[in-house]
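**Student:** Before anything else, here's the structure in question.
All of the numbers you see were taken from the coordinates with simple rules; none came from a lab. The structure displayed is predicted, hence computed values, not measured ones.
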Amino acid sequence: MCHFSRVLVATDDGLHAKPALRKAIHFANQSHADLTVLRVQLPKQAAISQWLQHLLMMAPGISHQRQKQPSYPDKDLHLILKHCHAATLANAVLNELEHNEYDLLILEHHEYSTFRCEFSHTDDWLLLQQAPLPVLFVSREPWENDGKLLTALEVDEESDPHRQFNRQLLDVSDELAKLFSMELHLLTCYQAHDLSVSFENKDLNHHTWVAEQWRRLRQTAEPLALEDKRLHLAAGLPDDMVPEAARRWHSNLVVMGAGEHASLLSSLKGRASEQLLNQLRCDVLALKPHAQQALLH
């Protein structure tokens, strides 16, 4: 049974709408999931004050919905179409999630300017933070035949909750790789120097540090019995290393954790950052620790 059986795809009919819908239908078709398509009509023109008022106060209302069961070769896809008016896509999505249960949200993967990411939060990031379920951001790029699925892991932390979360990432990644005939690769990023304050000399030499990272990565990947050529180490921050690895290996999909750490230095601990999300040009699936139990049932 697939981890995802109730899928919601939301679109504002922008430039990426058709690719998002095509991939959502393909995903639901392959995984035998029920698919709900939420088409959100945004205001074309409005004064700034009216837009802000709608943003803060307007609750999106569903104007109508209808059900279809189009036939595909050897499969039936249960599809629900919904239309609504809302000030923002986020408003419409959060309202829909409040009233109906889903286990995966599919969104169009937008590209934002560096200035936008630096001085304000993007819509993609706001939905990733506020939606209480895994989010799949789909791009306009088609999936390559026999493509690669790259999973970004953090192996430095060895607490039980974190190990369970890594296991969740591996289970979902392995399932999707088999479902869509992708080659699974694992990547972990590390910083060679300890940034914590300490009066004791606990530094390891570089070779010992790399060897320890390899040991932890192999131990984490052991349940999947992956060859070493599918395991990768990168010295640097995930914000830089994950997008570079995805480009180098022409990854169809990147799977990563989101929202696990909330400290000031959380970006150093492997959590998906806004800059990282914006740099990736392929599809991105962000999983959250608090959604783990829901995925397991």
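**Student:** Grab the Cα-Cα distance for GLN30 and HIS85, subtract it from 0.36 nm times how many residues apart they are, and report the gain in nm with one decimal.
**Tutor:** Full extension of this stretch gives 16.8 nm more.
**Student:** Now for a different question. HN-Hα J couplings of region 88-100 from phi, Karplus 6.51/-1.76/1.60, θ = phi - 60°, integer Hz, Gly and Pro as x?
**Tutor:** Calculated HN-Hα couplings, in order: 9, 4, 4, 4, 5, 5, 5, 5, 5, 5, 5, 9, 9 Hz.
**Student:** Stretch GLN130-GLN191 to full length: gain in nm at 0.36 nm per residue minus the Cα-Cα span?
**Tutor:** Difference between extended and current length: 19.0 nm.
**Student:** In whole Hz, what ³J(HN,Hα) sequence does region 236-253 give by Karplus (6.51, -1.76, 1.60; θ = phi - 60°), x for Gly and Pro?
**Tutor:** x, 7, x, 4, 9, 6, 5, x, 5, 5, 4, 5, 4, 9, 6, 5, 6, 8
**Student:** Using θ = phi - 60° and the Karplus form 6.51 cos²θ - 1.76 cosθ + 1.60, what ³J(HN,Hα) does each residue of region 223-230 get, whole Hz, x for Gly and Pro?
**Tutor:** Taking θ as phi minus 60°, the curve returns x, 8, 6, 7, 6, 4, 5, 9 Hz for region 223-230.
**Student:** On a full-extension model of 0.36 nm per residue, what is the gain between ARG247 and ARG6, subtracting their alpha-carbon distance, rounded to one decimal in nm?
**Tutor:** Computed gain between ARG247 and ARG6 is 83.7 nm.
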